[in-house]
Structure formats: structure tokens, C-alpha cells
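Below: one structure, written as C-alpha cells.
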Amino acid sequence: MMPKEDHGRLPSQAVWSMILEHACLDVIDGEERAFEEAFDRAKRIIASMPGFNALRLDRCLETPSRYLLLVEWDRLEDHTEGFRGSAEYQEWRQLLHHFYNPFPVVEHYEPLVRL
């Protein structure tokens, strides 16, 4: 469990400092099942990377071809340099990137408040 101050606000020097990767994945209509099957294979690739902690893939209720990918990394560089610079990333790309339209924006977040 991470340390908390009043109202769940994290102390400035929190021990818990994972980086959260956020990507909204718009999959080509009709390709949802194939994407989910490919993701089932691809998740093992990312899970094997140094600095990886956890991932979550959720499907949108209102737009079933939209997915939310959240990945927890120890450090930003574990994703941007380690994973993206690896040979394994090429396999990840080959499995998944052709499903996206448009190509997703990937952003990274640091912890601020948690209850």
C-alpha cells in the first residue's frame, strides 16, 4: 500500500512512484475479436519486460471497438527506452499495430491522489 496524506493526496516524496501508461485504442470496426486474440498473445511480451508491473485492458461499453490500455511501469524509461527499444517490441507491433485506426496517442502519468 502506498503512503497517503490528508484526503488520499500522496506525500511529495512518496515511496510508491510507478508510472502509468495510458492509451486509448480505437480498433477497426469488425476486428475486435481478432484484436483481443492478438492481445492475449502480446500481453506475455510486455509482461516479460524489465520494469513492467501490471496492465489492464478494458473495453468501452458505449463504443465497443474502443479499448483503454493502462500499464504500470517502474520508470518512464522502462517503457520509452527499454520496451520500445527492444526486439520484443517489434513482435508487439507486428501483432497489434495494424488494428488501430487512428493510431493511439500514448501518455504517461505519475501518481497524485489515490483513495
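The values are calculated or read from the model by the stated rules, or taken from the named source; none is laboratory data. Remember, it's a predicted structure, so these values are computed and weren't measured experimentally. Methodologically, a virtual Cβ is constructed for each residue, glycine included, from the backbone with ideal geometry; neighbour enumeration extends over all protein chains shown.
Pairs are defined by a Cβ separation below 7 Å, a sequence spacing of at least 6 or placement on different chains, a first member in region 50-72 that is more than 28 Å from SER86 (Cα to Cα) and of a type in the set (Ser, Thr, Tyr), and a second member that is surrounded by 12 or more Cβ atoms within 10 Å (Cβ to Cβ) and modelled with pLDDT of 95 or more; the pairs so defined are SER65/ASP26; SER65/VAL27; SER65/GLU32.
If you go through region 48-56 one residue at a time, do you hit one that is in contact with a helix residue (DSSP H, G or I) (Cβ under 8 Å, 6 or more places away or on another chain) and farther than 16 Å from LEU20 by Cβ? The answer is yes, given that some residue of region 48-56 is in contact with a helix residue (DSSP H, G or I) (Cβ under 8 Å, 6 or more places away or on another chain) and farther than 16 Å from LEU20 by Cβ. Of all the criteria given as (1) surrounded by 14 or more Cβ atoms within 10 Å (Cβ to Cβ); (2) out of contact with any Leu (no Cβ under 6 Å at 6 or more places or on another chain); (3) not in a helix (DSSP H, G or I), the one not satisfied by VAL71 is (2). If you go through region 84-95 and keep only what is closer than 21 Å to GLY51 by Cβ and either among the aliphatic types (A, V, I, L, M) or assigned to a helix (DSSP H, G or I) (or both), you end up with ALA87, GLU88, TYR89, GLN90, GLU91, TRP92, ARG93, LEU95.
Filtering region 73-101 to residues that are touching a residue at least 40 places away in the same chain (Cβ under 8 Å) and of a type in the set (Lys, Arg) leaves only ARG75.
Going by the conditions given, is HIS98 assigned to a strand (DSSP E or B), at negative phi and not aliphatic (A, V, I, L, M)? So HIS98 fails the test.
Just to be sure before I move on: is ARG33 out of contact with any Leu (no Cβ under 7 Å at 6 or more places or on another chain), closer than 17 Å to LEU95 by Cβ, surrounded by fewer than 16 Cβ atoms within 10 Å (Cβ to Cβ) and modelled with pLDDT of 95 or more in the structure I sent?
Working: out of contact with any Leu (no Cβ under 7 Å at 6 or more places or on another chain): yes; closer than 17 Å to LEU95 by Cβ: yes; surrounded by fewer than 16 Cβ atoms within 10 Å (Cβ to Cβ): yes; modelled with pLDDT of 95 or more: yes.
Yes.
The criterion of being farther than 14 Å from VAL27 by Cα and either surrounded by fewer than 17 Cβ atoms within 10 Å (Cβ to Cβ) or in contact with a Gly (Cβ under 9 Å, 6 or more places away or on another chain) (or both) holds for ARG84. Scan region 87-115 for residues that are among the hydroxyl-bearing types (Ser, Thr, Tyr) and surrounded by fewer than 13 Cβ atoms within 10 Å (Cβ to Cβ) and report the count. Number satisfying all stated conditions: 1.
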